[in-house]
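What follows is a short report on a single structure.
The values are calculated or read from the model by the stated rules, or taken from the named source; none is laboratory data. Note that the structure is a prediction, hence the values are computed from the model and not measured. Ideal geometry is used to build each Cβ from the backbone, glycine not excepted, and the neighbour counts take in all protein chains shown.
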Amino acid sequence: MQKTGGQLAMLVVINSLLLVAGALISGGTFLSVFNLQSMASQVPEIGLLAIGVMLAMCAGNGGIDLSGIALANLSGVLSAVIVSSFLSATESGAAFSLAFIAGALLVGFAGGVINGLLISRLNITPILCTLGTQMAFMGLAVVVSSGKAVTVGSPALLSSIGNDMIAAVPISFFVFVLVAGVVAALLKFTPYGLWLMLMGTNPKAAVYAGFPKNGVIIATYAISGTLSALVGVIIAARNVNVKFDYGSSYLLIAILIAVMAGVKPEGGYGRVICVVLSAIALQLMSSLLNFSGLSNFVRDFAWGLLLLTFLAVGRYDIAGFLSPGRRSQTPSVPVPQAPK
């Protein structure tokens, strides 16, 4: 519990410092309503992908989902192509929007189930499996779209999700927070959450205890795939078209967010609230780098360096190494004295 509270407190402090630094660097422009709204509208895409990565990592056994953004793009492309064949975005905007959203979520769910089945039934290493399905999903999106952008248009219902506000807050951010809350409740109050964390902590004990290991893995990647599809919907809602190669850097960012949130790469630990705060922190960092006038190449370098740093911090007790007082608190084993 101490580690959990410490991670949460650290992320709150990081976000606060970034807001202060941004205000000082920009002379207050960083905290303008327009800039805050712009940042809030960009968080859901990477945040939802990061929650999917978190779930896969919590499953243990090197679990990770590298296919997230590829599946998000495939969901948007395939749904747009199919729905456009029998509905018009201009003449039947509401029906088109609902059919597009349903189709994308179905594609994402199916892609996640495929990942789960390959990992659980064929015992394929998760990182290799999702790397393979990542290329397969991208290739299928290229074939379906002929390598071109697929026009979705701007039907009112779909466009409102990506561009409209409620109480000066983007609707897409509300969707992100709502979905994050549902996933957090699922992990905290259902047997699935208990099975997932215990399976990541001690998979052998989970099997001997009778946990439905294969079912948990399939459910985990199915949820991750559905979250990816929701990202595809938000991408389509913010833009007038979808394409197979959108968000090529999102994979690294999603993994970085999960690691910053304290999710253990070896499995068994992760909190959704920390992922949400981590996603916000990374968006603040990105906007701060933009205000500083640094190029995207510098930003990618910073993301890679941050990822390595947080992995090192999580792997080794660097805080304890730098604080001799903490190490001295470890109780020593008493040395038996010879009888006099």
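Summary of computed values
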item: Set I69, I64, I46: member being within 13 Å of the chain's Cα centre (by Cα) and not in a helix (DSSP H, G or I); result: I64
item: Total residues in the stretch 80-128, condition at pLDDT 95 or above, more than 30 Å from C58 (Cα to Cα) and among the polar types (S, T, N, Q); result: 0
item: S16 at pLDDT 90 or above and either more than 19 Å from the chain's Cα centre (by Cα) or of a type in the set (F, W, Y) (or both); result: yes
item: Residue among N290, N214 that is more than 29 Å from L194 (Cβ to Cβ), in contact with a Lys or Arg (Cβ under 9 Å, 6 or more places away or on another chain) and assigned to a helix (DSSP H, G or I); result: N290
item: From the options S160, S154, residue that is under 15 Å from F100 (Cβ atoms) and modelled with pLDDT of 90 or more; result: S160
item: Failed item in (1) under 13 Å from the mean Cα position of the chain (by Cα); (2) buried (at least 24 other Cβ atoms within 10 Å of the Cβ); (3) not in a helix (DSSP H, G or I), with V53 passing the rest; result: (3)
item: In the stretch 108-129, the residues that are over 18 Å from the mean Cα position of the chain (by Cα) and within 30 Å of L157 (Cα to Cα); result: A110
item: Residues being surrounded by fewer than 16 Cβ atoms within 10 Å (Cβ to Cβ) and among the hydroxyl-bearing types (S, T, Y) - total across the stretch 17-29; result: 1
item: Checking E91 against (1) more than 30 Å from N123 (Cβ to Cβ); (2) of a type outside the set (A, V, I, L, M); (3) part of a helix (DSSP H, G or I), the condition it does not meet; result: (3)
item: Identity of the residue in the stretch 30-43, in a helix (DSSP H, G or I) and either among the polar types (S, T, N, Q) or touching a Phe, Trp or Tyr at 6+ places or on another chain (Cβ under 8 Å) (or both), that ends up surrounded by the fewest Cβ atoms within 10 Å (Cβ to Cβ); result: S38
item: Verdict on I255 being in contact with a Gly (Cβ under 8 Å, 6 or more places away or on another chain) and of a type outside the set (G, A, S); result: no
item: Breaking point among (1) free of Cβ contacts under 8 Å to residues at least 40 places away in the same chain; (2) of a type outside the set (V, I, T); (3) touching a Phe, Trp or Tyr at 6+ places or on another chain (Cβ under 9 Å); (4) closer than 18 Å to A149 by Cα, for L87; result: (4)
item: Qualifying residue in the stretch 107-116 (condition: under 28 Å from N202 (Cβ atoms) and surrounded by fewer than 24 Cβ atoms within 10 Å (Cβ to Cβ)); result: yes
item: Residue list for the stretch 164-218, restricted to those being of a type in the set (S, T, N, Q) and crowded, with 16+ Cβ neighbours inside 10 Å; result: S172, T201
item: Complete set of residues in the stretch 136-159 that are more than 19 Å from the chain's Cα centre (by Cα) and either within 16 Å of G225 (Cα to Cα) or assigned to a helix (DSSP H, G or I) (or both); result: A136, G139, L140, A141, V142, V143, V144, S145, A156, L157, L158, S159
item: Which listed residue, of F86, F100, is out of contact with any Pro (no Cβ under 9 Å at 6 or more places or on another chain) and aromatic (F, W, Y); result: F86
